[in-house]
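Have a look at the structure below, then the notes.
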Amino acid sequence: MTKKVVWLMVSCLVAAALLLASCGPATEKEVTPAPEEEAGTTPPVSPDRWAQQDPLPQRRDLNGVWASSSSDFFAVGDVGTILHYDGSTWSSMSSGTMANLNGVWGSSSSDVFAVGWSGTIVHYDGSTWSSVDSGTTEDFRDVWGSSSSDFFAVGRSGTIVHYDGSTWSSMDSGTTEILIGVWGSSSSDVFAVGWRGTIVHYDGSTWSSMSSGTTANLLDVWGTSSSDVFAMGRSGTIVHYDGSTWSSMDSGTTEILSGVWGSSSSDVFAVGRGGTSLHYDGSTWSSMGSGTTQFLTGVWGTSSSDVFAVGTGGTILYYLEYIE
């Protein structure tokens, strides 16, 4: 889950003062410089209970986040950035790559894949990240799996590759559109979304196109079951699948939405540009103050009271269900 922002033109940004270097197609994310905080100050908590964290003295954009438990979160980002949260502290991990990493997913704390530019896939075995042969040089945007022998990575030109436990191999997606997000309820029920309202579905043997009812670029997808799936993207677009049809939902915003996750069908979080944060209670999407104007690119949690959102400028937010 970055997870998930559309790249529109080739750019190369060098920030020597921050020791950053990344080169690649430009995205729809609009980078806002991270605010400087005085040493020793406590990060603010928004009225809607998002607390800002500053785990490391780094400002590299974070593009995706995933967790196996409340003490095992991974966040990935530009220039090979990988951070890990152990339940109390975020720490940097050596990824072994300088490629921008956009998505992360695992089957356990010792079986995690991160994907990114130029066909980059790195794997974590519980102690070390190592490079894996993806069989392609296409840019990856997201990864999802149902087990240690069933992973899907999606990206540019309709690229989809599948991991069977030993090898990544190419699949026919049936589209050449950029695919930005992927999620499934099982190995035979997988959804991938992307540009121009593209949604393709995998039934265990074949990928086929679905009518999304929108032409907006879709940047992420997540659900609770095969009949309760949310996809979202540009201009505040949210579409919902009930098992037979995709239909539009009123998001209440026109901002780009780039990440979605929930603990249940009545507890769903969406995040996006300008610090946009939304919550779905099973009937209505409502706005939440995030306390930041950074572009939030991904969101993930392990329960309704254990949720992290990540974004540009190294932004990490933690959701506090209760404030004393």
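The values are calculated or read from the model by the stated rules, or taken from the named source; none is laboratory data. Quantities reported herein were computed from a predicted structural model and do not represent experimental measurements. Here the Cβ is made from the backbone with ideal geometry for all residues, glycine too, and neighbour counts use every protein chain on show.
Of the residues making up segment 207-217, one or more are aromatic (Phe, Trp, Tyr), more than 25 Å from LEU320 (Cα to Cα) and surrounded by fewer than 21 Cβ atoms within 10 Å (Cβ to Cβ).
If I ask for residues that are part of a loop (DSSP other than H, G, I, E, B) and either among the aromatic types (Phe, Trp, Tyr) or surrounded by 16 or more Cβ atoms within 10 Å (Cβ to Cβ) (or both), which ones from segment 68-96 would you list? THR81, SER95, listed by residue number. Residues that are on the phi > 0 side of the Ramachandran plot and buried (at least 22 other Cβ atoms within 10 Å of the Cβ) within segment 156-191 comprise just one, GLY158. The residue that is nearest to THR215 (Cα to Cα), counting only those in segment 237-259 that are touching a helix residue (DSSP H, G or I) at 6+ places or on another chain (Cβ under 8 Å) and surrounded by fewer than 16 Cβ atoms within 10 Å (Cβ to Cβ), is THR254.
State yes or no: is ALA99 in a loop (DSSP other than H, G, I, E, B) and surrounded by 23 or more Cβ atoms within 10 Å (Cβ to Cβ)? Here the answer is yes, as ALA99 does meet what is asked. Looking across segment 278-306, the residues that are closer than 17 Å to ASP61 by Cα and of a type in the set (A, V, I, L, M, F, W, C) come down to PHE295, LEU296, VAL299, TRP300.
Table: residues versus (1) under 24 Å from SER70 (Cα atoms); (2) more than 13 Å from the chain's Cα centre (by Cα); (3) assigned to a strand (DSSP E or B).
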position: MET232; (1), (2), (3): no, no, yes
position: SER251; (1), (2), (3): no, yes, no
position: TRP261; (1), (2), (3): yes, no, yes
position: GLY274; (1), (2), (3): no, yes, no
position: SER286; (1), (2), (3): no, yes, yes
position: GLY298; (1), (2), (3): yes, no, yes
position: GLY313; (1), (2), (3): yes, yes, no
position: TYR318; (1), (2), (3): yes, yes, yes
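Name the residues in segment 131-160 that are in contact with a strand residue (DSSP E or B) (Cβ under 7 Å, 6 or more places away or on another chain) and among the basic types (Lys, Arg), would you? ARG141 - this is the single residue of segment 131-160 that is in contact with a strand residue (DSSP E or B) (Cβ under 7 Å, 6 or more places away or on another chain) and among the basic types (Lys, Arg). Given the criteria within 21 Å of ARG49 (Cβ to Cβ) and of a type outside the set (Gly, Ala, Ser), does HIS279 qualify? Against the criterion (within 21 Å of ARG49 (Cβ to Cβ) and of a type outside the set (Gly, Ala, Ser)), HIS279 qualifies.
With respect to SER208, determine if the residue is within 16 Å of VAL154 (Cα to Cα) and part of a strand (DSSP E or B). Answer is yes for this residue. Out of the residues in segment 234-246 that are assigned to a strand (DSSP E or B) and of a type outside the set (A, V, I, L, M, F, W, C), which is farthest from SER286 (Cα to Cα)? For segment 234-246, the residue satisfying everything is TYR241. So in segment 277-307, with the set limited to residues that are aromatic (Phe, Trp, Tyr) and surrounded by fewer than 24 Cβ atoms within 10 Å (Cβ to Cβ), which one is farthest from TYR85 (Cα to Cα)? Filtering first and then ranking leaves TRP285.
In the set GLY233, GLY262, GLY204, only one residue is surrounded by fewer than 21 Cβ atoms within 10 Å (Cβ to Cβ), more than 20 Å from PHE113 (Cβ to Cβ) and not polar (S, T, N, Q); that residue is GLY204.
Given the structure, is SER108 surrounded by fewer than 15 Cβ atoms within 10 Å (Cβ to Cβ), more than 22 Å from LEU218 (Cβ to Cβ) and touching a Phe, Trp or Tyr at 6+ places or on another chain (Cβ under 9 Å)? Spelling it out, it is not the case that SER108 is surrounded by fewer than 15 Cβ atoms within 10 Å (Cβ to Cβ), more than 22 Å from LEU218 (Cβ to Cβ) and touching a Phe, Trp or Tyr at 6+ places or on another chain (Cβ under 9 Å). How many of the residues in segment 304-314 are of a type in the set (Ser, Thr, Tyr) and at pLDDT 95 or above? So the count comes out to 1. For VAL65, the criteria (1) part of a strand (DSSP E or B); (2) surrounded by fewer than 24 Cβ atoms within 10 Å (Cβ to Cβ) hold in every case but one, which is (2). Scanning segment 224-272 for residues that are touching a Leu at 6+ places or on another chain (Cβ under 8 Å) and closer than 22 Å to ASN63 by Cβ yields a total of 17.
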